[in-house]
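Read the structure below first, then the notes.
Derivation of every value follows stated rules applied to the coordinates shown; laboratory data play no part. Just so you know, these numbers come straight off a predicted model, no measurement behind them. Ideal geometry is used to build each Cβ from the backbone, glycine not excepted, and the neighbour counts take in all protein chains shown.
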Amino acid sequence: DAGITQSPRHKVTETGTPVTLRCHQTENHRYMYWYRQDPGHGLRLIHYSYGVKDTDKGEVSDGYSVSRSKTEDFLLTLESATSSQTSVYFCAIRDFNEQFFGPGTRLTVL
Amino acid sequence: ELKVEQNPLFLSMQEGKNYTIYCNYSTTSDRLYWYRQDPGKSLESLFVLLSNGAVKQEGRLMASLDTKARLSTLHITAAVHDLSATYFCAVDMDNYQLIWGAGTKLIIKP
């Protein structure tokens, strides 16, 4: 257990509403990642962070923004949710050469 | 652009049999990861392969990496029902961003 929690674990929202997902870690890891998982696609990187206020885009960043104001928290925001953002979202941390994952957030956009 | 292909994507097999899952990738990398995911759960790190010729074994699973062929294999020996899961490989893009295969869903029948 890498001490990673995600909140909320499940969320149903409507198209056009803003949504923020939170990833919290307890072990002071520098690198944190947000992925989405969809059937047939494996995981795809949305954004990642390499330190407080240091973030960069992944391969599917359109429609998402992130913030990291404290080492322990990495927030993912959908400014205006769309049905195509219905997915399972995983947060991860990097510890040496490995990435360890949080429990995931299942987001449904109606 | 790095692409990662797993095959097969679906595998149904009998207990006691051996089988191999393949992971091919399109550009140079010498870091490859294998993860396991149970239905509705998060991802669990299985193996970290960090150099050409790396081989790691854990119980009935053995993973290997051939960076020249851009190929990794996950071999299952004498399969048991508890190994039923989806297995993912992921390749490192030199900056600890991972590109993921689509996953192999493995069903082992008693």
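Which value, in nm² and rounded to one decimal, describes the direction-averaged projected area of the C-alpha convex hull of chain B?
6.4
What does the net charge come to around residue B:27 if you take all other residues with beta carbon closer than 15 Å to its beta carbon, with K and R at +1 and D and E at -1?
Net charge around residue B:27: -3.
Among residues other than residue B:86 whose Cβ falls under 9 Å from its Cβ, what is the net charge (Lys/Arg +1, Asp/Glu -1)?
That sum, taken over residues with Cβ under 9 Å, equals +1.
Using the crude model of +1 on Lys and Arg Cβ and -1 on Asp and Glu Cβ, and no other charge, please compute the dipole size for the protein assembly as shown relative to its Cα centre, in debye to 20.
The calculation lands at about 280 debye.
If you plug each phi of the stretch B:93-110 into the Karplus form 6.51 cos²θ - 1.76 cosθ + 1.60 with θ = phi - 60°, what whole-Hz ³J(HN,Hα) values come out, in order, with x for Gly and Pro?
Listing the rounded values in order: 8, 6, 10, 6, 8, 9, 10, 9, x, 6, x, 10, 7, 10, 10, 10, 8, x Hz.
Using alpha-carbon pairs under 8 Å, 6+ residues apart, how would you state the relative contact order of chain A in percent? It would help to have the intermediate numbers written out before the result.
Values: 285 pairs, mean separation 38.8, N = 110.
After rounding, I find 35 percent.
Sequence-distant or interchain residues sharing an amide H contact under 5 Å with residue A:31, placed H: which?
A:94
Please turn the phi angles of the stretch A:98-110 into ³J(HN,Hα) values with the Karplus equation 6.51 cos²θ - 1.76 cosθ + 1.60 (θ = phi - 60°), one per residue in order, whole Hz, x for glycine and proline.
Listing the rounded values in order: 10, 9, 10, 10, x, x, x, 10, 8, 10, 10, 10, 8 Hz.
Answer rounded, prolate or oblate for the stretch B:17-71, using the Cα gyration tensor with square roots of eigenvalues a ≥ b ≥ c: rounded when a/c is under 1.5, else prolate when a/b is larger than b/c, else oblate. Don't skip to the answer; put the middle values down first.
On the way: a/c = 1.85, a/b = 1.49, b/c = 1.24.
The shape class here is prolate.
Amide H neighbours of residue B:46 under 5 Å, at least 5 residues apart or on other chains, H built in the peptide plane: list them.
Counting only residues 5 or more places away or on other chains, the set is B:34, B:35, B:36.
Can you tell me the relative contact order of chain B? Whole percent, Cα pairs under 8 Å, sequence separation 6 or more.
Values: 279 pairs, mean separation 40.0, N = 110.
RCO, chain B: 36 percent.
Rounded to the nearest angstrom and ordered from largest down, what semi-axes does the equivalent ellipsoid of chain A get from its C-alpha gyration tensor (root of 5λ)?
Whole-Å semi-axes of the equivalent ellipsoid: 22, 14, 13.
Per the Kirkwood definition applied to all pairs of different Cα atoms, how many angstroms is the hydrodynamic radius of the stretch A:45-110?
Computed over the stretch A:45-110, the radius equals 12.8 Å.
Using θ = phi - 60° and the Karplus form 6.51 cos²θ - 1.76 cosθ + 1.60, what ³J(HN,Hα) does each residue of the stretch B:38-46 get, whole Hz, x for Gly and Pro?
8, x, x, 10, 7, 9, 10, 5, 9
What is the pair-distance distribution P(r) of the protein assembly as shown, computed from all Cα-Cα distances in 10 Å bins starting at 0, with each bin given as a whole percent?
8, 33, 34, 19, 5, 0
Based on Cβ point charges of +1 for Lys and Arg and -1 for Asp and Glu, what charge dipole magnitude is obtained for chain A about its Cα centre, in debye rounded to the nearest 20?
140
Given charges of +1 on the Cβ of Lys and Arg and -1 on the Cβ of Asp and Glu, with all other atoms neutral, how large is the dipole of chain B about its Cα centre, in debye to the nearest 20?
It works out to roughly 240 debye.
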